[in-house]
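Colleague: Sending over a structure as structure tokens; questions will come in a sec.
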Amino acid sequence: MHKSKIKGTGMFVPKKVMTNFDLESIIDTSDEWIYERTGIRQRHICSKEGGEYPTDMAYNATLDALKDANMEPEEIDMILFASVTPDMKLPNSASILQTKLGIKNQCACLDIAAACSGFVYGVNMADSMIKTGLAKNVLVVGSEMLSQEVDWKDRRICILFGDGCGVAIVGRNEDNDDSEILASCLGADGTGKEFFQQPMGGAVNPLTPDIIINREHFMQMKGTEMFKVATRTLAKNAKKVCKMADVGLDQVDWVVPHQANVRIIETTAKMLGAPMEKVIVNIDKYANTSAATVPMAFHEAIKDGRIKRGDLVLFDAFGAGLTHGATLFRY
Ligand code: UT7
């Protein structure tokens, strides 16, 4: 069995920034309410002129990751693209990205529809593929343009989300160093599907003019229910992967949680007995970017010198489905 590790990371966010103050002029809200309840100050929003669609953001983020890993695009032998906002229905975003990157090796391309847990699903799937020898270098992407999917007239939801992309190259460790994915878990509880859904626009309810006029095609969330499940699940999975790797929670150097609400992150940290200094938080700048939050927060913490090679890191995510997953690794 091969060892796998994270070889490189990258991120990209669109140029346009929308602050809470900007939102005050669109809906009945305030910077104070949004910041106190969520920890969000601003979010980035994709241009509709082009150049910042999910696969464009992923292309730019991947160039950074390839540089970081000192690799050529052709060395990627699988692309896993996690997103609930793909460029289009067909073909999948992974295949579009393959072409944009100029990869000619016919590598496997798969989209992952696991909402906010999508990137962690991708890392864990890449890890299994590498360990069993089915793949050598997997590009895992979380890229979202949620600004298209929220109702900008609904203050309960539009304040929460933003656009952005984070990527990681998960590859076979041939360097004989300590970096290694140690343990991972994935799961889902479909009974909570109505807590966070977007039921219109699929095969069951194709879009009609009436659905659009009534603004029923946007994402719908039961915030309080999500909040409770999130904290419980994040804490449970963090403990689970630590146990699997026979590592004490106090030995973990950094927790990189999904960024849905700073209060969810703080509550989870408290349940785990982890000091907030060990928890990576960047929701203030980017809001909730679904599958992109974990790789963006991870990448930023590496770039600003907090996370270093050799550190023990925990990814922890949950989302619509309700999907969830965690990864423990030595970076
Ligand atoms: O990525 C995974 C998916 N996301 C999540 O899991 C998010 C989980 N949930 C949450 O983050 C929080 O539940 C929210 C941030 C969505 C809501 O926070 P809350 O503290 O649970 O607020 P609430 O929904 O209980 O609303 C409190 C009040 C309500 O007024 P009344 O009914 O008490 O008079 C809302 O109408 O705040 C009002 N409100 C707002 N006021 C100003 C709701 N949204 C806003 C707003 N600005 N944007």
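Colleague: Within segment 109-135, which residues are surrounded by fewer than 17 Cβ atoms within 10 Å (Cβ to Cβ) and touching a residue at least 60 places away in the same chain (Cβ under 8 Å)?
Modeller: The answer is K131, T132, G133.
Colleague: Can you tell me which residue is surrounded by the fewest Cβ atoms within 10 Å (Cβ to Cβ) among those in segment 146-181 that are touching a strand residue (DSSP E or B) at 6+ places or on another chain (Cβ under 7 Å) and more than 26 Å from N92 (Cα to Cα)?
Modeller: Among those residues, the one meeting the criterion is D178.
Residues checked against (1) modelled with pLDDT of 95 or more; (2) part of a strand (DSSP E or B):
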{"residue": "M1", "(1), (2)": "no, no"}
{"residue": "K7", "(1), (2)": "yes, yes"}
{"residue": "G10", "(1), (2)": "yes, yes"}
{"residue": "I40", "(1), (2)": "yes, no"}
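Colleague: Now, a different point. State yes or no: is S147 closer than 30 Å to E24 by Cβ and either in a strand (DSSP E or B) or charged (D, E, K, R) (or both)?
Modeller: Judged against the criteria, S147 is not a match.
So that you can scan it fast, the table gives a plain yes or no per residue for (1) touching a His at 6+ places or on another chain (Cβ under 7 Å); (2) outside the structural domain of A230 (by TED's automatic domain parsing); (3) part of a loop (DSSP other than H, G, I, E, B):
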site: I103; (1), (2), (3): no, yes, yes
site: S117; (1), (2), (3): yes, yes, no
site: V123; (1), (2), (3): no, yes, no
site: A135; (1), (2), (3): no, yes, yes
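Colleague: Taking segment 49-72, which residues are buried (at least 18 other Cβ atoms within 10 Å of the Cβ) and either of a type in the set (S, T, Y) or more than 20 Å from F298 (Cβ to Cβ) (or both)?
Modeller: E52, Y53, T55, D56, Y59, T62
Colleague: If G325 satisfies every condition in (1) within 18 Å of P86 (Cα to Cα); (2) outside any helix (DSSP H, G or I) but one, which is the exception?
Modeller: With respect to (1) within 18 Å of P86 (Cα to Cα); (2) outside any helix (DSSP H, G or I), G325 is out only on (1).
Colleague: On to the next question. Which of the following residues is touching a residue at least 60 places away in the same chain (Cβ under 8 Å) and either of a type in the set (D, E) or surrounded by fewer than 14 Cβ atoms within 10 Å (Cβ to Cβ) (or both): D253, D246, D210?
Modeller: So the residue among D253, D246, D210 that is touching a residue at least 60 places away in the same chain (Cβ under 8 Å) and either of a type in the set (D, E) or surrounded by fewer than 14 Cβ atoms within 10 Å (Cβ to Cβ) (or both) is D253.
Colleague: Given S143, S184, which one is within 16 Å of the ligand (Cβ to nearest atom), within 18 Å of the chain's Cα centre (by Cα) and either surrounded by 17 or more Cβ atoms within 10 Å (Cβ to Cβ) or outside the structural domain of T62 (by TED's automatic domain parsing) (or both)?
Modeller: S143
Colleague: So, in segment 14-52, how many residues would count as being touching a residue at least 12 places away in the same chain (Cβ under 8 Å), more than 16 Å from the ligand (Cβ to nearest atom) and out of contact with any Asp or Glu (no Cβ under 7 Å at 6 or more places or on another chain)?
Modeller: Qualifying residue count, segment 14-52: 5.
Colleague: Got a sec? Which helices (runs of 4 or more DSSP H) wholly within segment 222-294 have at least 3 residues that are at pLDDT below 95 and within 12 Å of the ligand (Cβ to nearest atom)?
Modeller: 223-244
The values are calculated or read from the model by the stated rules, or taken from the named source; none is laboratory data. Small disclaimer: the values here were computed from a predicted structure and weren't measured. Note: ideal-geometry Cβ built from the backbone for every residue, glycine included; neighbour counts use all protein chains shown.
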